[in-house]
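First the structure, in the form of structure tokens, and then the observations on it.
Please treat every number below as a calculation from the coordinates, not as lab data. Predicted model, so just to flag it, every value in this text is computed and none were measured. With ideal geometry, Cβ positions are generated from the backbone for all residues, glycine too; neighbour counts draw on all protein chains shown.
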Amino acid sequence: MVEELVIAAAAAGSGVVVYTMAAARVVKQYERGVVLRLGRLHDRVRAPGFTLIVPVVDRLRKVNMQIVTMPVPAQDGITRDNVTVRVDAVIYFKVVDPASAVIQVEDYRFAVSQMAQTSLRSIIGKSDLDDLLSDREKLNQGLELMIDSPAVGWGVQIDRVEIKDVSLPETMKRSMARQAEADRERRARVINADAELQASKKLAQAAHEMSSQPAALQLRLLQTVVAVAAEKNSTLVLPFPVELLRFLERAQSGQQPQVPQPPAEAREPQDAPGRHAAEPGPDRVEPSGTGSPVPDPHAPDPLAARDPLAPDPLGPASPLPDPLSPDPLSPDPLAPDPVLPDPLRPASPPDRPRADPPSDSRTDPYPPG
């Protein structure tokens, strides 16, 4: 009798252990348990920890309550300004109602993924290319609202949606590069023009100041020459403005007057050809035989009165000419070049003096007398 009781107790204990093992479940901290008893939803959602269900009668579905990061596959679309783009995104969501996520939708992950793809295509068609590239925050908010509206009934909450990348065709990339280059060039030209305007104003002020002090222009020219001459491997070409020449000519005429030339009457006349042969020179000896030289009546008398208009040889030395002043006897550098003869044109023979035929009484048909 005792043995039967021990066997029955051992059998009962074994049954309890087997039932407990079959009914025991462990729900993790980030999960919630949804119990379906005989196919019907149990009212109470099992909390994290150890829990028991009725074997064979109850079925426990564990739902993850963590935030899920799901990439949205890239979608091809046409923007409102007729540009073909390829856009992909990332969606962040979590389950807030485990019972609705199990009962209301078959697979809430797949449902959220498909909803994100369709919403992404829709938002591409409603936006311009500039909005996709520059105003993504506004598009992210609109995409989040479009996905969150149907996901509320599934027990899912959309936390955030981000557009990750926008792929453009190669032709559009080249067009945008040309547009950016043209815009940069326009800005550079505007800045350069502004700089030229400011520089012209400063130069006008400098010219106004230099007009009161003419020597400042020459000093500025010398400073420019010094700055250019600092480079040893360069050839210096110095332009000489006409205004500076005129200024120096006026200054020269006002400070150092030119020495007047003697009149034509006071100059020594040129001897006519054959004059010295007819008149005796200062050293010519007369045939009288005395041997004393006869003075030349045409030679200048050293004791005679000096011409008041002739320069004094013993007077003070005349000032040296200014190297920058133009020489009155030198040709004008600004005058047009003389016309040179054409080398291809045959030169005309020089005019030869006509020689009179010698008079010969033998050949003259009309002899005199």
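If R₀ is 25 angstrom, what is the calculated FRET efficiency for the pair ASP76 and ARG187, using the beta carbon separation as r and rounding to 0.05?
0.10
I need the peptides 51-58, 120-127 ranked by packing, meaning the mean over residues of other C-beta atoms within 10 angstrom, with the highest value on top.
Descending mean neighbour count gives 120-127, 51-58.
Out of residues 5 or more away from ARG61 or on other chains, whose amide H comes under 5 Å of its own, with H placed 1.01 Å from N in the peptide plane?
Counting only residues 5 or more places away or on other chains, the set is VAL34, VAL35, LEU36.
Could you list the chymotrypsin sites (Phe, Trp or Tyr not before Pro) in region 2-72 that lie in coil according to DSSP, counting only those with at most 12 other Cβ atoms within 10 Å of their Cβ?
Answer in residue order: TYR30.
What does the C-alpha gyration tensor say about the overall shape of region 24-90? Classify as rounded when a/c is under 1.5, otherwise prolate if a/b is larger than b/c, or oblate.
Prolate shape, in that a/c is at least 1.5 and a/b is the bigger ratio.
With the cut-off at 1.5 for a/c, could you classify region 196-235 from its C-alpha gyration tensor as rounded, prolate or oblate?
oblate
Please work out how much length the chain gains when fully extended from LYS28 to GLU249, using 0.36 nm per residue of separation minus the C-alpha to C-alpha distance, in nm with one decimal.
68.9 nm
Could you derive backbone 3J(HN,Hα) for region 125-136 from the dihedral phi with the Karplus parameters 6.51, -1.76 and 1.60 (θ = phi - 60°), listing whole Hz in sequence and x where the residue is Gly or Pro?
Values, residue by residue: x, 8, 10, 8, 5, 5, 5, 5, 8, 10, 10, 6 Hz.
What distance in nm separates the two pseudo spin-label positions at ASP58 and VAL228, each 7 Å out from Cα along the beta-carbon direction?
Here the modelled spin labels are 10.3 nm apart.
Determine ³J(HN,Hα), in whole Hz, for all residues of region 23-33 in sequence, where each value follows from phi through the Karplus function 6.51 cos²θ - 1.76 cosθ + 1.60 and θ = phi - 60°; x replaces Gly and Pro.
9, 6, 9, 10, 9, 6, 5, 8, 10, 9, x
Using a Förster distance of 45 Å, how high is the FRET efficiency between SER134 and ARG220, based on the Cβ-Cβ distance and rounded to 0.05?
On the way: r = 51 Å, r/R0 = 1.13.
Taking R0 as 45 Å, the efficiency between SER134 and ARG220 is 0.35.
What net charge is computed for the residues neighbouring SER119, neighbours being all others with C-beta under 10 Å from the C-beta of SER119, Lys and Arg scored +1, Asp and Glu -1? It would help to have the intermediate numbers written out before the result.
Details: positive: ARG121; negative: GLU144, ASP148.
Result for the local shell: -1.
Tally Lys/Arg at +1 and Asp/Glu at -1 over every other residue whose Cβ is under 10 Å from the Cβ of GLN75; what's the total? List each step's numbers first, then the result.
Working: positive: ARG86, ARG121; negative: ASP76, ASP88.
Result for the local shell: 0.
What are the residues whose amide H is under 5 Å from the amide H of VAL96, where those residues sit 5 or more places off or on another chain and H is modelled from the backbone?
Excluding prolines and chain starts, which carry no amide H, the hits are VAL156, GLN157.
Rounded to whole Hz and in sequence order, give me ³J(HN,Hα) for region 94-103 from the Karplus expression 6.51 cos²θ - 1.76 cosθ + 1.60, θ = phi - 60°, writing x for Gly and Pro.
Running phi through 6.51 cos²θ - 1.76 cosθ + 1.60 with θ = phi - 60° gives 8, 8, 10, 10, x, 4, 5, 5, 8, 8 Hz.
Can you tell me the length gained on complete extension of the stretch SER14 to LEU38, counting 0.36 nm per residue apart and subtracting the Cα distance?
Difference between extended and current length: 6.0 nm.
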